[in-house]
Amino acid sequence: MIPVYKKLAINELANTIRADLEIEGNRVGLVTSIDGNQLITLMLNTRSGNTVLYQAELASDSYTSLTTTIPQLHWHERAIHDLFGLIPLGHPRLKPAIINESCETIFAPLRETAKPISDKLLATRDFEYLHISGEPIFELPVGPVHAGIIEPGHFMLSCLGEDVLNLEVRLGYLHRGIEKRITEIPWRKARFVAEAAASDTACANALAHALAIESLLAVEPSFRSQGLRTLALEIERLAMHIGDIAGMAYDLGYLVIAANFSRLRGTALRLAELLSGSRFLRGYICPGGVVHDPDRLLSEIQRTTKNLRENLKPALDFFISNPAVYERLRNTGKLSSSLASEFGMVGVVARACNIAYDCRQSFAQGSYPKNHPTIALQQEGDALARTLVRIAEINSSLDLIDTILSDLPSGTIGSNLPVDLPANAIGIGIVEAFRGELIHLVITDKAGSIKRYAIKDPSFNNWTGLAIAMRNNVIADFPICNKSFALSYSGHDL
Amino acid sequence: MIELIAYLCKQGLATQKKICPELDQAALGLPAIDPLKPCLADECNNYEQICPTNAIEVKYEDADKFKPEVRLDLGACIGCGLCIANCSNGLITRNLSTQNATRNREDLILSSAGTQTKSADKNTNSTKNMFKKSLAVRVVSTGCSACDLEIGAAANPIFDMERFGIQVVASPRMADALVVTGPVGKGMHKALIQTYEAMPEPRLVIACGTCAISGGIHRGGYAEANGLAALLPVDIFIPGCPPHPWSIINALMMAMGRSAQ
């Protein structure tokens, strides 16, 4: 997809975004910079599928914070500060977000090399918790290394008795410099780095990357490869949703069902292996199409899907019809619909708050224009609603896999791509990953090499939602709340 | 309740009986080198453009231009399969084994000049039998979560690593082995070293996955994510991106001084 490109002055930016957000269906996709000399804002319209990219030049290292009037940009501005050393003046809680404060030497890695980083800028790198004072308050630090097999992140829970008054999420431990690396290597190898942003979302990342590159090259992949891509994406969604429900059952202490779900996730991963050779669908989707055709194995994929569906249905019923599960999840980690839309929630979290946003419909590609699933909606915004949305999506993914397999177009799977990318071009790829809206943005320079590559993982939006939802819940519900959001650390930290 | 029990009985036993079998034919696996096939590097000569992590090296050391030595570093390979698909002479082939873990970094480098003599086993006697019956593992993730999911899968009913006495524990104080996944970027240096220091001795360090071995796709970037060896002494290397659960179990059994057979 190629966004409509508009230039404007920096002092008009906040008003323009605010005016855009008034129009129904509009939302902020991504705010970032190219090399620290400008701000770029990607606006999406979820009704029409139109996208607009605003670019506003900056005269200095600071600008008036947009967060003060558009609260959902608070995390974007913190990330811009980390990556470019730009200071949003008036930001209420400016602190590191995607590069941990312990990494002083790698501050502002994407900034134009000619622009020095002053000591004044480095002094803005302190991470200060939001302290809640009072004698009975106690603070519980958790992480960054957690008890189980999970990615690292630090949580500070300020509690009054059992109740959590505030949760502060501190990330950035996993920063690996993905965005910069993609600009340093030949663009044909870039897909491997793009999908390593978060490997539980490897297929969605590869697809968003491929869509962004294809929009630059004006290449349309063959119908067969589009079908196979959609198949891959739905298999990933299926496997990860089953995995998340298994984790939830485990955290609730329903171990029989947890073990059963983790076994069934193995069957879903088997589908991925049959399709692509990799249990995580790594390296399967490439710009121009897919890498190989599973041809002979398609009937086995069909059989395995049928088998999975038969075994999965009773397990899901046992899980959700258990009164203990129902009671524990209901009203836990509640996020109101108004806050969810104000802070730009996406994916399962948004749909559990009755926000009908699914990129498979709004920005349909591949097989989705023909067979997009109905959007799974829930009203309550609690952990139960999020679990019910996941279950509905497991079922719709199974249906979609069946539909695509029964009606897969014949033809080739790849296309010949030009050697070079076009100069001074902008392309974006928007994909509904299993967590929600995933955006890849690519901008080339005048020589046709990638100048800026930006990734916006769905977790980037939703971490704020977890912090809000945790308020006034008991501390023992934190694992359940966290699991019901099931957010990515690596996709956020990049 | 009765329905649940009936359902579970109908599901039967999921656990695989054969320990560390070969991967399924549909899997990509890792590359291997067939030393009997000559390299036609002059004809294809595109390995540099193909390999995403530059894990392949072609050398003309013996001045015999027709017989270049091909070296392939499994510790840098992400298993994309492109070299296998593009090798015109079948020199680089598919390796479906799940027993690729090594105790030495150099043993991961394959060469067409024949298999190198394996370097001496550096396993010390003090740890050799100590963990034979049980191994408590602490996992620290510093990467993209694929390896973490595979370690989690190794504990599921299909692979069930607890039957071999391997248990994932919640604190470094109880751990015998530290399993690290991911390329260990700068943000995790401090937390990782603190975890290591909190473990009682003797302790083992296992690098799980290509990123932990060499930094993989992230090597050389500004975030200093160049693998585990730069920070801690590594006892066992598990290649793969991510390694299959059986490869992980095989490596952990190696750490216990047990063979997979």
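Per-structure values
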{"quantity": "Rh by Kirkwood over Cα pairs, then Stokes-Einstein D for the stretch A:218-282 at 1.002 mPa s and 20 °C, µm²/s", "calculated": "168 µm²/s"}
{"quantity": "Cβ-derived FRET efficiency at R0 45 Å, residue B:190 paired with residue A:114, nearest 0.05", "calculated": "0.90"}
{"quantity": "Environment charge of residue B:143, counting only residues whose C-beta is closer than 10 Å and scoring Lys/Arg +1, Asp/Glu -1", "calculated": "-1"}
{"quantity": "Tail beyond 14 Å, pair distance distribution of the stretch A:357-432 (Cα, percent)", "calculated": "74 percent"}
{"quantity": "Neighbour cut-off at most 16 other Cβ (10 Å), DSSP loop, GluC sites (Glu not before Pro), the stretch A:5-85", "calculated": "A:24"}
{"quantity": "Taking chain A and dividing mean pair separation by its residue count, relative contact order in percent (alpha carbons under 8 Å, at least six apart)", "calculated": "18 percent"}
{"quantity": "Options A:106, A:131, A:142, ranked by Cα towards positive dipole end of the stretch A:106-154, top entry (Cβ charges)", "calculated": "A:106"}
{"quantity": "Estimated FRET transfer efficiency (residue A:425, residue B:49; beta-carbon r; R0 30 Å; 0.05)", "calculated": "0.85"}
{"quantity": "Additional length obtainable on full extension of the chain from residue A:451 to residue A:89, 0.36 nm per residue less Cα span", "calculated": "127.6 nm"}
{"quantity": "Rounded to 5, the percent of DSSP beta bridges in chain A classed as antiparallel", "calculated": "85 percent"}
{"quantity": "Lys, Arg +1 and Asp, Glu -1 on Cβ, resulting dipole of the stretch A:4-115 about Cα centre, debye, nearest 20", "calculated": "180 debye"}
{"quantity": "Hull-based mean projected area of the stretch A:4-115, where the convex hull spans the alpha carbons, in square nanometres", "calculated": "7.0 nm²"}
{"quantity": "Positive-end residue of B:108, B:98, B:35, charge dipole of the stretch B:30-111 with Cβ unit charges", "calculated": "B:98"}
{"quantity": "Virtual spin-label span in nm between residue A:331 and residue A:104, 7 Å along Cα→Cβ", "calculated": "4.9 nm"}
{"quantity": "Shape box of the stretch A:178-493 [Cα atoms, principal axes, largest first, Å]", "calculated": "59, 43, 29"}
{"quantity": "Loop-exposed GluC sites (Glu not before Pro) per DSSP, neighbour cap 14 Cβ within 10 angstrom, longest uninterrupted part of chain B", "calculated": "B:62-261"}
{"quantity": "For the stretch B:30-111, size of Cβ-based charge dipole, Lys and Arg +1, Asp and Glu -1, in debye", "calculated": "280 debye"}
{"quantity": "Length added when fully stretched, residue B:18-residue B:259, from 0.36 nm per residue minus Cα-Cα", "calculated": "85.4 nm"}
{"quantity": "From phi via Karplus (6.51, -1.76, 1.60), per-residue ³J(HN,Hα) for the stretch B:146-154 in Hz, x at Gly/Pro", "calculated": "5, 5, 4, 5, 6, 5, x, 5, 4"}
{"quantity": "Farthest positive-ward along the stretch B:125-255 dipole, Cα basis, beta-carbon charges - from B:233, B:130, B:218", "calculated": "B:130"}
{"quantity": "Cα-based reach from residue B:133 at 22 Å (exclusive), listing lysines while leaving out same-chain residues under 8 positions away", "calculated": "B:17, B:18, B:122"}
{"quantity": "Pairwise label distance in nanometres, residue A:127 with residue A:59, each label 7 Å out on the Cα-Cβ vector", "calculated": "3.5 nm"}
{"quantity": "Computed over the stretch A:64-223: relative contact order in percent, which uses C-alpha pairs under 8 Å that are six or more apart", "calculated": "14 percent"}
{"quantity": "Segment residue A:311-residue A:471, length gained on full extension (0.36 nm per residue, minus Cα span)", "calculated": "53.9 nm"}
{"quantity": "Dimensionless Rg over Rh [the stretch B:30-111; C-alpha; Kirkwood]", "calculated": "0.94"}
{"quantity": "Rounded to whole Hz, the Karplus (6.51, -1.76, 1.60) HN-Hα couplings of the stretch B:169-176, x for glycine and proline", "calculated": "10, 8, 8, x, 4, 9, 9, 9"}
{"quantity": "Cβ-placed point charges (K, R +1; D, E -1), dipole of the stretch A:178-493 about Cα centre in debye, nearest 20", "calculated": "320 debye"}
{"quantity": "The stretch B:125-255: proportion of alpha-carbon pairs further apart than 18 angstrom, %", "calculated": "48 percent"}
{"quantity": "Kirkwood hydrodynamic radius over Cα pairs of the protein assembly as shown, then Stokes diffusion coefficient at 20 °C and 1.002 mPa s, in µm²/s", "calculated": "81 µm²/s"}
{"quantity": "Sparse-neighbour loop sites [chymotrypsin sites (Phe, Trp or Tyr not before Pro); the stretch A:46-140; at most 16 other C-beta within 10 Å; DSSP]", "calculated": "A:127, A:129"}
{"quantity": "At R0 = 60 Å, FRET efficiency that the Cβ-Cβ distance of residue B:111 and residue A:135 yields, to 0.05", "calculated": "0.30"}
{"quantity": "Relative contact order [Cα under 8 Å, 6+ residues apart], chain B, whole percent", "calculated": "22 percent"}
{"quantity": "Loop-resident sites, the stretch A:38-113, for trypsin sites (Lys or Arg not before Pro), counting at most 16 other Cβ within 10 Å (DSSP)", "calculated": "A:47, A:93"}
{"quantity": "Label-to-label distance, nm, for residues given as residue A:35 and residue B:5 (7 Å Cα→Cβ offset)", "calculated": "7.2 nm"}
{"quantity": "Between the stretch A:18-76 and the stretch A:425-494, the alpha-carbon center distance in angstrom", "calculated": "16 Å"}
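Coordinate-derived values only; no laboratory data. Every value quoted in this text rests on a predicted model; they were computed, and no experiment measured them. For neighbour counting, all protein chains shown are included, and Cβ atoms are generated from backbone atoms with ideal geometry for every residue, glycine included.
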